[in-house]
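This report concerns only the one structure given below.
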Amino acid sequence: MTRPRIVLVDDHEILRAGAAKYLAADFEIVGEAGDVREAIDTIVSTNPDGVLLDVHLPSGSGAEVVSAVRAAGINCRFVCLSVSADRRDVVKMLQAGVDGYLVKSTLGDRLPELVSEALVGSMPVSPQIAGFLLDIDDVVAGEPSLERLSPREREVAEYIARGYSYRRTAAAMFVSIKTVETHMSHIFVKLGVASRHELAARAFEEGFVPPEDA
């Protein structure tokens, strides 16, 4: 079975080595880079499935890497892996188009799982990031709510909007309650809602969850 191909971007070689150690069993590391120019060249030349990158890099930022790679037509997923939980850094990276934001100090051995989530369309974020993103409307301004959610997130959102409990939703989807909770944390961040009640109101107001008799 072919493993997803990953590029690691961080200006500290020891941190790249640590990330590679966690990811080696599940991913193929096809390149590494320590600054903006090297990162862009490496990603464009290898065309990976995903990129793990830091916020701050020599001669620029991770956001510049994302923008340049997108402009070059490379369609890969970006996950920010940083020591920074600063609001300005998070907003900058999300506006650039990253597909997840993870704080290094909170990961442990969950890195492979979270990177895998990003590669299949979810948006993994560390808990402290989700907490203050709820009121940042401009991060995803102008994008229709439905387009922010992966297919599985849309399915979860519909069940929850219809009043299902997490347990009942998990049973209906044949997944674990923890999986539903993970999807819900991503939904809260992407839609800028803070409760199931707000999610239901948004879902029916915008019409991405149709009425029962539709």
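Could you count how many Lys pairs in the chain have their Cα atoms under 22 Å apart, skipping same-chain pairs fewer than 8 positions apart?
Lysine pairs, 8 or more places apart or on different chains, close enough: 6.
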Return the sequence-ordered ³J(HN,Hα) values of region 177-188 in whole Hz as given by the Karplus equation 6.51 cos²θ - 1.76 cosθ + 1.60 applied to θ = phi - 60°, using x for Gly and Pro. 4, 4, 5, 4, 4, 5, 4, 5, 4, 5, 4, 4
What does DSSP give for region 5-133 in terms of the percent of beta bridges that are antiparallel, rounded to the nearest 5? 10
Charged-residue dipole, Cβ positions (Lys, Arg, Asp, Glu), the chain about Cα centre, Debye nearest 20: 480
For Ile29, residues with placed amide H under 5 Å, excluding near neighbours: Ile6
When you count, for each residue, the other Cβ atoms within 10 Å and take the mean per peptide, how do 46-58, 73-85, 172-184 rank with the highest first? 46-58, 73-85, 172-184
Selection from Tyr166, Val69, Ala20, by position along the positive dipole direction of the chain (Cβ): Tyr166
Expected output is a single nm value to one decimal: the length gained when fully extending between Thr2 and Gln128, i.e. 0.36 nm times separation in residues minus the C-alpha distance. What is it? 42.0 nm
Per residue, how much space in cubic angstrom lies within the convex hull of the C-alpha atoms of the chain? 132
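Evaluate the Kirkwood expression for the hydrodynamic radius of region 1-109, namely the inverse of the mean inverse distance over all pairs of different C-alpha atoms, and round to one decimal in Å.
13.6
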Quickly estimate the mean residue ellipticity at 222 nm for the chain, helices only: each DSSP H run with n ≥ 4 gives -39500 (n - 2.57), and the total goes over all residues, rounded to 500. -14500 deg cm²/dmol
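Each reported figure results from applying straightforward, stated rules to the coordinates on display, with no laboratory input. Given the structure is predicted, the values throughout are model-derived calculations rather than measurements. With ideal geometry, Cβ positions are generated from the backbone for all residues, glycine too; neighbour counts draw on all protein chains shown.
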